[in-house]
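Input: a single structure, listed below in structure tokens.
The values are calculated or read from the model by the stated rules, or taken from the named source; none is laboratory data. This one's a predicted model, so the numbers in the text were calculated from it and none came from an experiment. In this analysis, Cβ positions are derived from the backbone assuming ideal geometry, glycine residues included, and neighbour counts consider all displayed protein chains.
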Amino acid sequence: MFEELNRLAGWSTEKLPDREVIFITDKGCNGTFLLHHFIALYLKAGQHVVLVTVEQSFAHYSVACGKLGANLTKSKTEGKLTHVDMMKAGLNEYLQESSPTDQLSKGFSNKTLEQLNDMIHDLVNSVPVDKKSIVIVDDLSLFLSLGFPIEDVITFYHKMKYITRTKPASFLTVLHLDGSAEDLPTLYPNFSYYGTCELKLEGLESGYSKDVHGTLEVIQKSMKNLRTVFERKVRQYKVTERTLHLFAPGTSKAVL
Amino acid sequence: MKKVTFTKKGTKKSGISIPGTQPSTNNGLLLTSTGIPSLDALLGGGLPVGTVLLIEEDHTNRFARIVSKYFLAEGTACNHGIYLITRNEKPQKILLQLPMPTTMEKVSREAGSGEMNIAIRYHDLPKAQKSVADVSRYGHHFDLSKTMDALQLADKEVHSLNLLETIDKEIKDIFRYTLQQIKIKIDTNNYAAPSDTDVGNEKNLNILRVAITNFGSPMWGENDSETAMKINKFLFCLRALARQSLMVCCITIPTNLYTSTQVETFRQLCDCSVELQSFEGKKKNPLYKQYHGLLKMRKLLCLNSLLPYVPETLDFAFELKKTKFVIEYLHLPPDVSDTASRQGVEEIDTNKVSKSSPCGGTTLKKDLDF
């Protein structure tokens with residue numbers, strides 16, 4: 001888990017994100033490393049994680065989080081982590097479907113997101129009442145690239161928000177802004193409307209640099225005096241093997 | 001080397017040994033060579049088993065084809081199973097042109113002798129590395145002038161799928177059909193990843209190398225967003241299939257036929273992406289005299305870790321020699337002024353171009369004297 005990120009956003013193993021809808025957006029870089037941080041954070045705090053993998057296999061998370069000090073296989077056997085493998089589900093559906101009808105645009109069935117939603121609901125309900133949980137969906141924007149209509153994706157996101165209202169659970173997902181789906185630009189405002197915290201990652205405009213991988217902005221939404229307040233904190237970041245370094249823009253060690 | 005314990009099905013394998021592969025030191029991945037030792041070095045040692053490599057074709061497809069041939073030839077040299085899928089031509093055309101492996105030569109370090117005295121101030125600086133790979137530990141070098149004939153291929157596991165034959169059959173979705181065929185091949189020839197209970201059966205394991213050439217060309221479908229969507233689904237499911245079996249895929253796509261955002265999505269759906277830009281038919285920048293083209297890493301392989309293996313730079317140039325496919329770092333020209341940086345390359349270019357203009361037009365920049 002990334003200490004510096006925790007300090008920036010005000011999280012810790014004692015003070016986990018509470019009923020938050022967190023979404024990670026990235027443009028010009030890849031922000032999936034932040035998922036490992038959250039998995040490790042919750043597991044270290046002894047809380048529950050529901051991990052829905054779409055983009056990578058479970059082993060990838062297992063090994064990567066192992067570097068952060070969280071043992072995923074052990075947590076899985078203990079029941080603290082539940083894994084939903086969408087890659088396998090999607091593959092099975094794709095291979096079996098030999099429908100004679102011209103359903104060309106549906107590799108998955110229409111019901112996939114609904115079924116996923118129900119499954120997540122059941123899993124979160126089965127978590128003991130005093131424990132917090134986080135539902136992590138690998139990559140929601142990938143569903144758009146796979147042909148799901150944008151309404152389904154937004155409905156799913158909305159239902160996840162509903163879960164955070166009714167249970168002590170948070171929701172986390174990643175949205176890649178470099179994709180090709182035409183509907184992608186409309187997805188972002190919808191996410192940010194329902195979201196309570198955005199981790200916005202942007203690659204450097206000047207291109208790839210070894211010392212500074214990009215800018216990370218933490219935008220936290222809260223209600224103060226009946227007004228919605230956005231708290232923004234901007235840092236530049238560098239990812240290393242085991243941790244994330246954050247520093248004020250322009251103050252990278254390589255520059256100073 | 002730390003031995004990572006055997007992990008569950010659908011994962012990277014480690015603790016098993018298959019000829020032609022080696023475990024990576026820090027990620028618990030099983031790596032295999034792409035057939036080009038320089039490319040292996042750019043990937044951090046090799047291509048992990050269970051991943052999909054995307055080659056974005058150069059406009060004439062000459063070099064992407066060669067990369068596919070190297071990939072398959074490496075498979076035969078290591079006794080892996082190979083499976084070639086084509087729709088533009090008969091697979092036999094490629095299979096009968098696979099280069100023959102030369103004997104493994106260790107790259108000798110020519111600068112080892114102390115004959116040259118380098119200036120004292122440069123003594124302690126590391127030697128500039130021109131070529132990317134020094135010693136290939138497990139790859140092969142191939143001789144493009146010699147090909148393996150059918151006899152030599154006879155005792156190897158060579159499979160192919162000729163999608164040209166299916167044009168007459170009524171197949172609604174060629175992509176789905178292809179994936180089904182791959183799955184059938186995996187199941188019938190036992191390339192599926194072993195589950196936990198099968199640990200003792202290690203000696204029967206082998207890797208299937210799947211190469212798909214000219215994927216997404218007009219033969220596969222019109223180059224519109226619908227085909228792009230089908231390609232997305234195919235790539236997604238191919239990757240899912242690769243993760244749960246002992247398969248490694250090399251796909252070449254003519255990406256100049258698709259929009260840049262579509263190509264970006266293709267890259268996202270593959271594990272690693274390399275773009276080839278050849279100089280054929282174009283006026284060559286004199287800086288690139290000895291090279292045949294540029295190679296750009298468009299997506300870095302990031303598996304089992306927080307950040308990908310990043311080579312020293314992301315811009316390379318390649319040169320196709322008879323016995324080697326050499327990839328070298330692109331060096332910047334020496335610093336001559338305060339503002340020299342990437343612009344140094346451009347400045348030289350415009351100078352030379354303006355010099356050769358018939359009117360002898362005046363240049364706004366001073367001649368750079370090297």
- Note on the structure: By residue number, the members of the stretch A:73-96 that are more than 17 Å from the chain's Cα centre (by Cα), within 13 Å of chain B (Cβ to nearest Cβ) and either among the acidic types (Asp, Glu) or within 23 Å of A:LYS15 (Cβ to Cβ) (or both) are A:GLU93
- Query: Looking only at the stretch A:31-47, which residues are crowded, with 23+ Cβ neighbours inside 10 Å, in contact (Cβ under 8 Å) with a residue 60 or more places away in the chain and over 12 Å from the mean Cα position of the chain (by Cα)?
  - Reply: A:TYR42
- Task: Among the residues of the stretch B:229-243, write down those that are more than 21 Å from the chain's Cα centre (by Cα) and either more than 7 Å from chain A (Cβ to nearest Cβ) or free of Cβ contacts under 8 Å to residues at least 40 places away in the same chain (or both).
- Result: B:MET229, B:LYS230
- Name, by its number, the condition in (1) within 11 Å of chain B (Cβ to nearest Cβ); (2) within 16 Å of the chain's Cα centre (by Cα) that does not hold for A:THR196. (1)
- Search the stretch A:55-72 for residues being part of a helix (DSSP H, G or I) and aliphatic (A, V, I, L, M), and hand back the single one that is nearest to the chain's Cα centre (by Cα). A:ALA64
- Can you name the residue in the stretch A:123-144 that is over 17 Å from the mean Cα position of the chain (by Cα) and not aliphatic (A, V, I, L, M) and is also nearest to the other protein chains (Cβ to nearest Cβ) among such residues? A:SER126
- Filter the stretch A:58-92 for residues that are in contact with a Lys or Arg (Cβ under 9 Å, 6 or more places away or on another chain) and closer than 19 Å to A:LEU113 by Cα; which is surrounded by the fewest Cβ atoms within 10 Å (Cβ to Cβ)? A:HIS83
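Just wondering, is there one or more residues in the stretch B:287-297 that are under 26 Å from A:ASP138 (Cβ atoms), basic (Lys, Arg) and modelled with pLDDT of 90 or more? Even if it seems obvious, please write down each step before you answer.
Residues of the stretch B:287-297 under 26 Å from A:ASP138 (Cβ atoms): B:297.
Within this subset, residues satisfying the condition of being basic (Lys, Arg) are none.
No, the stretch B:287-297 has no match at all.
Looking at B:GLU165, B:GLU170, B:GLU222, B:GLU226, which is the one that is among the charged types (D, E, K, R) and away from chain A (no Cβ under 14 Å)? Outline the logic, then answer.
Details: B:GLU170 fails: away from chain A (no Cβ under 14 Å); B:GLU222 fails: away from chain A (no Cβ under 14 Å); B:GLU226 fails: away from chain A (no Cβ under 14 Å).
B:GLU165 is the lone residue from the list that is among the charged types (D, E, K, R) and away from chain A (no Cβ under 14 Å).
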- For the stretch A:200-256, how many residues are under 23 Å from B:LYS299 (Cα atoms), small (Gly, Ala, Ser) and touching an Asp or Glu at 6+ places or on another chain (Cβ under 9 Å)? 2
- Query: So, of the residues in the stretch A:1-50 that are among the β-branched types (Val, Ile, Thr) and away from every other protein chain (no Cβ under 11 Å), which turns out to be nearest to B:LEU306 (Cα to Cα)?
  - Reply: A:ILE39
- State which residue is farthest from the chain's Cα centre (by Cα) when the search covers only the stretch B:263-277 and only residues that are facing another protein chain (nearest Cβ under 9 Å) and surrounded by 24 or more Cβ atoms within 10 Å (Cβ to Cβ). B:THR265
- Residues satisfying the stated conditions in the stretch A:182-210, i.e. modelled with pLDDT of 85 or more and acidic (Asp, Glu): A:GLU198, A:GLU202, A:GLU205
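Could you list, in sequence order, the residues of the stretch B:267-297 that are closer than 21 Å to B:ARG243 by Cβ and of a type outside the set (Gly, Ala, Ser)?
In the first step, residues of the stretch B:267-297 are kept if they are closer than 21 Å to B:ARG243 by Cβ; the result is B:267-274.
Result: B:ARG267, B:GLN268, B:LEU269, B:CYS270, B:ASP271, B:CYS272, B:VAL274.
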- Message: What's the number of the only condition in (1) at pLDDT below 50; (2) on the phi > 0 side of the Ramachandran plot; (3) not polar (S, T, N, Q) that B:VAL336 fails to meet?
- Response: (2)
- Considering residues of the stretch B:299-317 that are under 16 Å from the mean Cα position of the chain (by Cα) and among the aliphatic types (A, V, I, L, M) only, the residue farthest from the other protein chains (Cβ to nearest Cβ): B:ALA317
- Query: With respect to the numbered conditions (1) in contact (Cβ under 8 Å) with a residue 60 or more places away in the chain; (2) assigned to a strand (DSSP E or B), which one is the sole condition not fulfilled by A:MET160?
  - Reply: (2)
- Message: Taking the conditions exactly as written (surrounded by 24 or more Cβ atoms within 10 Å (Cβ to Cβ) and assigned to a helix (DSSP H, G or I)), does B:THR252 satisfy them or not?
- Response: no
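What strands (runs of 3 or more DSSP E), lying completely within the stretch B:127-244, carry at least 1 residues that are modelled with pLDDT under 90 and small (Gly, Ala, Ser)? Reasoning before the result, please.
Details: elements: B:142-147, B:158-162, B:208-212.
Where strands (runs of 3 or more DSSP E) fall fully within the stretch B:127-244 and carry at least 1 residues being modelled with pLDDT under 90 and small (Gly, Ala, Ser), they are B:142-147, B:158-162.
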- Query: Among (1) within 14 Å of the chain's Cα centre (by Cα); (2) in a loop (DSSP other than H, G, I, E, B), where does A:VAL52 come up short?
  - Reply: (2)
- So A:GLU198, is it touching a strand residue (DSSP E or B) at 6+ places or on another chain (Cβ under 6 Å), among the acidic types (Asp, Glu) and surrounded by fewer than 17 Cβ atoms within 10 Å (Cβ to Cβ): no
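From B:ALA242, B:ALA228, which residue is touching a helix residue (DSSP H, G or I) at 6+ places or on another chain (Cβ under 6 Å) and small (Gly, Ala, Ser)?
Values: B:ALA242 fails: touching a helix residue (DSSP H, G or I) at 6+ places or on another chain (Cβ under 6 Å).
So the residue among B:ALA242, B:ALA228 that is touching a helix residue (DSSP H, G or I) at 6+ places or on another chain (Cβ under 6 Å) and small (Gly, Ala, Ser) is B:ALA228.
May I ask you to list the residues in the stretch A:176-193 that are within 23 Å of A:ASN6 (Cα to Cα) and away from every other protein chain (no Cβ under 11 Å)? Working first, answer last.
First pass over the stretch A:176-193, keeping only residues within 23 Å of A:ASN6 (Cα to Cα): A:176, A:191-192.
Scanning the stretch A:176-193 gives A:PHE191, A:SER192.
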- Query: Name the residues in the stretch A:215-256 that are within 14 Å of another protein chain (Cβ to nearest Cβ), surrounded by fewer than 17 Cβ atoms within 10 Å (Cβ to Cβ) and charged (D, E, K, R), would you?
  - Reply: A:GLU241, A:ARG242
